[in-house]
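First comes the structure, then the notes that go with it.
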Amino acid sequence: MHLSADQFLQWEHKSITLLGMSGVGKTFLSTLLRNHDWFHFSGDYRIGTRYLNEPILDNIKLQAMQVPFLRDLLRSDSIFIENNITVDHLKPVSSFLGKMGNPDLEGLPLVEFKRRQALHREAEIAAMRDVPSFIQKAHDIYGFNHFINDAGGSVCELDEPSLLDELAENTIVLYIKATEQDEKMLIERAKYSPKPMYYREQLLDQLTNEYLTEKNLEYTTLIEPDDFVRWSFPKLFYSRIPRYDAIAGEYGYTISTTELFKVKTEQDFIDLVVKAINRKEKG
């Protein structure tokens, strides 16, 4: 959705999609706004509670069944397992996604890793397609005036143009672009805290082959899972930047992490969106 600054300011029920890498401040901003009459739609929360809930629980139960004490209780229906996913605590989603590599180091075989990656892709697409209906629900059912879509960091990897068309038709698309300094910080963070990531399949195949060659390994089951994440994250990160730039260029607007972290109030955010609109109009 493209609006003039005046049109945006006069828009009675504002709806905005936040795009950007994990860690750039999407959830920070969404949390701030949900205290000011904005409905916070978390793509990752929707993925975990709606579209991957059963696979996540199946994975947890599979692990629990390896423990004889828990196995007996589960088989006799003496206990049950549920997810406790919240907007602020999404670990079950990342735990399901997992890391590829040596099973002795909690790594997943390549085939299983790709299966979970594919499930995540379909779940993320489905979650983003829910945005228009949730915009309506946010207002009609819950009484919120405005809507913020806190999209996952891998939306740019989905290669679904119709999905972007739909998001842009219903929301202002706002890309949070990391500054060079923040890029380095995010990459450094991945080194000491490597987390599961989504890779589009073509890139995953390319990175896997490069890693095996560089490390002189014959099979993916010999990969040290955390080391692969540390090694691949910068490559994944920089492969996403032109994709996000292209999305923002065609569908929306761009702000920097420096600008975002100066936002302390709802009015600060409104002013920042106006600034981004005016900046794009001026070329």
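Set side by side, the residues Ile255, Ile241, Ile223 differ, and just one is within 20 Å of the chain's Cα centre (by Cα), surrounded by 20 or more Cβ atoms within 10 Å (Cβ to Cβ) and modelled with pLDDT of 95 or more, which is Ile255. No other residue among Gln202, Gln181 is over 19 Å from Lys26 (Cβ atoms), of a type outside the set (A, V, I, L, M) and free of Cβ contacts under 8 Å to residues at least 60 places away in the same chain apart from Gln202. The condition (being surrounded by 19 or more Cβ atoms within 10 Å (Cβ to Cβ) and over 27 Å from Asn170 (Cα atoms)) is satisfied by just one residue among Ile16, Ile56: Ile56. The C-beta contact set for the range 55-72 (first residue free of Cβ contacts under 8 Å to residues at least 24 places away in the same chain, second residue among the aromatic types (Phe, Trp, Tyr), distance under 8 angstrom, 6+ apart or interchain) is empty. Exactly one residue out of Leu204, Leu186 is over 21 Å from Gly23 (Cα atoms) and aliphatic (A, V, I, L, M): that is Leu204.
Being surrounded by fewer than 20 Cβ atoms within 10 Å (Cβ to Cβ), closer than 30 Å to Ile16 by Cβ, at pLDDT 90 or above and under 15 Å from the mean Cα position of the chain (by Cα) is true of Thr49. Does Phe39 count as over 18 Å from the mean Cα position of the chain (by Cα), at pLDDT 90 or above and either under 25 Å from Arg129 (Cα atoms) or in a helix (DSSP H, G or I) (or both)? Spelling it out, it is not the case that Phe39 is over 18 Å from the mean Cα position of the chain (by Cα), at pLDDT 90 or above and either under 25 Å from Arg129 (Cα atoms) or in a helix (DSSP H, G or I) (or both). Screening the candidates Asp165, Asp182 for the property of being touching a Gly at 6+ places or on another chain (Cβ under 9 Å), charged (D, E, K, R) and closer than 30 Å to His2 by Cβ yields one hit, Asp182. Pairing each residue of the range 212-227 that is of a type in the set (D, E, K, R) with any residue that is surrounded by fewer than 16 Cβ atoms within 10 Å (Cβ to Cβ), provided the two are 6+ apart or on different chains, yields C-beta distances under 7 Å for Glu224/Leu105. Take Lys191 and decide whether it is surrounded by 18 or more Cβ atoms within 10 Å (Cβ to Cβ), charged (D, E, K, R) and in contact (Cβ under 8 Å) with a residue 12 or more places away in the chain. Spelling it out, it is not the case that Lys191 is surrounded by 18 or more Cβ atoms within 10 Å (Cβ to Cβ), charged (D, E, K, R) and in contact (Cβ under 8 Å) with a residue 12 or more places away in the chain. Scanning the range 184-203 for residues that are within 17 Å of the chain's Cα centre (by Cα) and within 30 Å of Glu250 (Cβ to Cβ) yields Leu186, Ile187, Arg189, Ala190, Lys195, Pro196, Met197, Tyr198, Tyr199, Arg200, Glu201.
Filtered by the rule that a residue be among the charged types (D, E, K, R) and surrounded by fewer than 16 Cβ atoms within 10 Å (Cβ to Cβ), the range 84-106 gives Asp88, Lys91, Asp104, Glu106. Of everything in the range 126-158 that is of a type in the set (S, T, N, Q) and assigned to a helix (DSSP H, G or I), the residue that is surrounded by the fewest Cβ atoms within 10 Å (Cβ to Cβ) is Ser133.
For the range 149-178, the tally of residues that are free of Cβ contacts under 8 Å to residues at least 60 places away in the same chain and hydrophobic (A, V, I, L, M, F, W, C) stands at 2. Screening the candidates Leu18, Leu3, Leu32 for the property of being part of a helix (DSSP H, G or I), closer than 27 Å to Ile141 by Cα and in contact (Cβ under 8 Å) with a residue 40 or more places away in the chain yields one hit, Leu32.
If you filter the range 107-125 down to residues that are exposed (fewer than 15 other Cβ atoms within 10 Å of the Cβ) and farther than 18 Å from Pro161 by Cα, you find that the one that is farthest from the chain's Cα centre (by Cα) is Val111. Please determine whether any residue of the range 253-276 is closer than 30 Å to Pro92 by Cβ, in contact with an Asp or Glu (Cβ under 6 Å, 6 or more places away or on another chain), in contact (Cβ under 8 Å) with a residue 60 or more places away in the chain and in a helix (DSSP H, G or I). Yes, some residue in the range 253-276 is closer than 30 Å to Pro92 by Cβ, in contact with an Asp or Glu (Cβ under 6 Å, 6 or more places away or on another chain), in contact (Cβ under 8 Å) with a residue 60 or more places away in the chain and in a helix (DSSP H, G or I). Within the range 210-238, the set of residues being touching a Gly at 6+ places or on another chain (Cβ under 7 Å), outside any helix (DSSP H, G or I) and not charged (D, E, K, R) comprises just one member, Ile223.
The values are calculated or read from the model by the stated rules, or taken from the named source; none is laboratory data. This one's a predicted model, so the numbers in the text were calculated from it and none came from an experiment. So basically every Cβ, Gly included, is an ideal-geometry build from the backbone, and we count neighbours across all protein chains shown.
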